[in-house]
Every structure is written in structure tokens, then in C-alpha cells.
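Provided herewith is a single structure, encoded as C-alpha cells, for subsequent inquiry.
Each value in this text was obtained by applying a stated rule to the coordinates, not by laboratory testing. Bear in mind the structure is a predicted one, so any value in this text is a computation, not a measurement. Don't worry about glycine lacking a Cβ; one is built from the backbone with ideal geometry, like all the others, and counts go over all protein chains shown.
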Amino acid sequence: MKDDREWIAFQQRKVFSEQKQIKEYLSALNDRDKVDVLVVGAGPAGLAIAAETAKKGLSVGLVAPDTPFVNNYGVWLDEFKDLGLEHCLLHKYDDALVWFDDSDPASGTELGRPYGQVCRRRLRDHLLKECAAAGVKYLPGLVDFVRHGDVEKNELAEANRGQQFTLNSRLVVAGTGHNRDMLSYEEGAPPGWQTAYGVEVRIPNHGFPVNKAVFMDFRQSDPEAMKEEQDEGVWRVPSFLYVLPVDKDVVFVEETCLVARVQVPFDELKRRLYRRMKRMGMEIVEEDILEVEASWIPLGGTPPVAPQRTIAYGAAAGMVHPASGYSVVNSISKAPRVATAMAEGLKEGGEIEASRRAWEILWGAEPRRQIGFYQFGMELLMSLRIEQMRNFFSTFFALPTNLSRGFLGNRLSSSELIMFALTTFAIGNNELRGLLLAHLVS
């Protein structure tokens, strides 16, 4: 048994030799350098906002540890195509399958929407080349402290790492993932947690169709708690199987808890995954494992204080979908708008105006209405037992595709989200209607 902190450290320490060092792409940013915008963090969100900001003619510095992309990212193929990133996919699937319970067809239910697995190396390479072409400079390291200057005195912001370096900029963007140290956040409820344990494993003739992803398989690996236990409030946090076939003999399988009030231990998810695969006739043999993934994502929680001088981006800005955990497409697609807001704000009003405009895109009135609705959905999901969750998702995927896809892709306006809710209520059964009303009242 491993402590969850060991699993998280294991995931963060992964080494992928095929991912080149950032300094091989970008020119050096040096101690005491001054730039228009300093971006802290070099994940997908940090690299995307750095590249797009530099394209607006601003000088951009990037500060972050030189680490690879370590998580597996799944995306809807149409969304990645729209971003011009289809070349960054490792695998493309003609469709995605779902199972809600054992009464579903053995072949699953097709969603009618192609899916893709992102190639971590290609996406990172693409984003870094975009940064290089736009003139972004890089300094490896961590930022300990940011102090914003007095704009009335034309003072720049200062970011430093003790005695190692000090950098100055007009704006600071924190693309620091789930680390909240550089930003101020509102008071409120703690986040929910999405946790997943997966392996890429060699299983000859595994049986999963190689041209289809398994988006959700809610058929359970274990029996539920006995009725007496359930009556006493004992229940099992639901999880499902997620599958990305590599070929007929290699497959990535992952046990995922979509969202819960507690962080389901990785060892428990591992136990469920191994038991599930064994019951499916595809036992996992340790010697045949090619890669292990332990993923944890805080969902929802309190939003950043907006506006504030440091601009958040990506997960640090609460851009992770509270009801699904998706974030990569949202972070990449919104980067041009936020970059334009910063560039025009600096030109027309200065640093404070640039921060205000960026925050208006991220957490203005309309985004707050949208995220409030998504958080309502997250809170509902956290309260559901397995049978209730099966009921919810069978209704969700029966919605008109513009609503279900728009919800998953963060593309529904607040008025469209009201239509989403009304349609869900209309086509759901009485049990689901009761759950929605009870949650709304609570």
C-alpha cells in the first residue's frame, strides 16, 4: 500500500526522454531581465498563454521547472480539429462507447462522436515551437514571491526565487496548475476531487475494439454495500472504467472516480481496476505493465478573487470543468482572447486595466453564471449513489447533441444552460426529477 502523497510524487517525477528540454526550444531569460508579461508555469495552459501573448507583440518571459507533460489527455476529435491540433493526437477513435449497467448491449452504446488520445510529446513540442516562433524567453526554476509595483510610480512587478534570480514585468500570469500560492481566492466550500488510477498494459488480443474508446463503463467491479449498511449511510463512491486501446495487444485502462467529496485512495482505485479486468477475462500482469498513471484533479471549489493584479490562467484560474475534469481544450482555445485583452489593456490603460480585462474574460458576470451552473452539476454528482449516477448519465447522453456536447465542452451560454436543465428535467424519469428538485432546494 502506498500513501496517496507517494502516488502523487510518483506521477510528478515521471521522466519521458522523448520530450526535449525547454531550453532546447527557447532563448534564455536571465536574472534582472525585464519583460512585458511574465508567465509562471509551463503546462499546456502556461505555454498556450505565453505563445498567444507574445504573438500580440509583447515581450514574454516564461519561468517554470523544466518538466515533461506527464498526464494522459483525452479529447473530442472535433474540438481538437477546430484548434488545428489534430496532428498532436497519438490515437484517433471513430467513436466512444458507454455502458451504464449490465442490461446494456454487450457491445456498448455508441455516442456517435469521434475521440482522441493526445500525444504528450507532440502537444508539448507544438506549443513550445509556437512560443519560440513568437520570441518567448525561458528561465528554469520556481517563483517564491511576486510583488506588484506602484503603477503611479511606473514600478514594475518583481518575481524572485530567493537569491537565484529576480525578474521584472508589467504583468504576471500564474499558470501554476492547482498550486494556489501566488493568488488570492474567495472564501467558500472546498473542491471536489476527481481521482484515477490507470495502466498501459500488454494484454494479447484484449478484446476492446481498437477503433473505439470507452468513455464510461459503469458496470461495477464489486457488489454494492448490503441494504442494512446502506440504510446506515454506508455507500461506495462510484467509479467507472475508461479505455484507450493502443492496438490489439496493448491498451490503456483506467479506473476513474468522476468527482467525490473525498479523494478516493489510489490503492482502492487500483484494486477496483484489477478486479474489474479479471472479471472481464483480461487479468493485469505486473510484468506486462508499460506505464502507470495516478491522476488527481481538484474540481470546483472557491474561485479566484477577480480582478487582482496577478492574472491566473488554466487550472489556477478555475478553468477545469467542475463536472468533467476537462481543461486542455478550454485553456488552449481561450488563450487568444485573454492575450488580446492583456495587450489592448496595456496599450489603452496600463497594467491595472490589462488585468481587469483579462479577469473579465475569465471571471466576469457571464462566466460566473456559467461556472455556477457547472458547480451545481458537480455538487449533484457528488451526492449520487451508483444507481442514481447511472440514471443521470443515461439521461445526459439522451439529450440533444448540441446540449450534451456543449455542456462537456464549456460552450453553453447561461441561457443555453437553462435550456439544458429544463430538457434534462423533461426527459428524465421521476426519480431523476426528484433528485434534481431535492438538490436545487438543498
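Enumerate the lysines that residue 334 could reach by cross-link, defined here as Cα to Cα under 25 Å, with residues fewer than 8 away along the same chain left out.
55, 56, 81, 92, 129, 137, 347
Show the residues, 5+ positions off or on another chain, whose built amide H is closer than 5 Å to the amide H of residue 66.
When sequence neighbours closer than 5 places are left aside, the close amide H contacts are 141.
Hydropathy first: keep DSSP H helices in the chain averaging at least 1.6 on Kyte-Doolittle, then drop any whose Cα extent along the axis falls short of 27 Å, and list what survives.
Once both thresholds are applied, nothing remains.
Ranked by Cβ crowding within 10 angstrom, fewest neighbours first, how are 332, 311, 289 ordered?
289, 332, 311
Can I get the semi-axes of region 383-441's equivalent ellipsoid? Compute them from the C-alpha gyration tensor as square roots of 5 times the eigenvalues, in angstrom, largest first.
Each semi-axis is √(5λ); the values are 19, 13, 10 Å.
Once amide H atoms are built 1.01 Å from N in the peptide plane, which residues 5 or more positions from residue 397, or in another chain, come under 5 Å H to H?
So residue 397 has HN proximity to no qualifying residue.
Follow-up. Among rounded, prolate and oblate, which fits region 26-75 when a ≥ b ≥ c are the square roots of the eigenvalues of its C-alpha gyration tensor, a/c under 1.5 means rounded, and a/b larger than b/c means prolate?
oblate
Using θ = phi - 60° and the Karplus relation 6.51 cos²θ - 1.76 cosθ + 1.60, list the HN-Hα couplings for region 171-179 in order, rounded to whole Hz, with x at every Gly or Pro.
Along region 171-179, the couplings run 10, 10, 10, 9, x, 9, x, 8, 7 Hz.
Does the chain come out rounded, prolate or oblate by the C-alpha gyration tensor, with a ≥ b ≥ c the root eigenvalues, rounded set by a/c under 1.5 and, if not, prolate when a/b is larger than b/c and oblate if not?
Prolate is the answer for the chain, as a/c is 1.5 or above and a/b outweighs b/c.
Which order do 104, 36, 31 fall in if you start with the one that has the fewest other Cβ atoms within 10 Å?
31, 104, 36
For the chain, give me the percentage of DSSP beta bridges that are antiparallel, rounded to the nearest 5 percent.
65
In sequence order, what are the phi-derived ³J(HN,Hα) couplings for region 108-116 according to the Karplus relation 6.51 cos²θ - 1.76 cosθ + 1.60 with θ = phi - 60°, rounded to whole Hz, with x for glycine and proline?
Per-residue couplings from phi come out as x, 10, 7, 8, x, 9, x, 10, x Hz.
Something else now. Where does each of 274, 313 land when they are ranked from fewest to most other beta-carbon atoms within 10 angstrom?
Sorted ascending by nearby Cβ count, the order is 274, 313.
Given a Förster distance of 30 angstrom, what is the FRET efficiency for residue 147 paired with residue 12, based on the Cβ-Cβ distance and rounded to 0.05?
0.60
I would also like to ask the following. Would you calculate a helix-derived [θ] at 222 nm for the chain, using -39,500 (n - 2.57) for each DSSP H run of n ≥ 4 and dividing by the full residue count, to the nearest 500?
-11000 deg cm²/dmol
For residue 5 paired with residue 20, estimate the spin-label separation in nm (one decimal), with each label point 7 Å from Cα along the Cα-to-Cβ line.
3.8
For the chain, calculate the relative contact order in percent as a whole number, restricting contacts to Cα pairs under 8 Å that are 6 or more residues apart.
Computed value for the chain: 18 percent relative contact order.
List the residues, sorted by chain then number, that are 5 or more residues from residue 59 or on another chain and whose placed amide H is less than 5 Å from its amide H.
Sorted by chain and number, the residues that satisfy this are 36, 37.
Right, next: Taking a cut-off of 20 Å between Cα atoms, list the lysines near residue 2, but don't count ones fewer than 8 places away on the same chain.
14, 270
Enumerate the calculated ³J(HN,Hα) couplings along region 295-309 in order (Karplus 6.51 cos²θ - 1.76 cosθ + 1.60, θ = phi - 60°), each rounded to whole Hz, writing x wherever the residue is Gly or Pro.
10, 9, 9, x, 10, x, x, 6, x, x, 5, 9, x, 8, 5
Now, a different point. Among 364, 339, 285, whose Cα lies farthest out toward the positive end of the dipole of region 271-384, if unit charges sit on the beta carbon of Lys, Arg (+1) and Asp, Glu (-1)?
Result: 364, furthest along the dipole toward the positive end.
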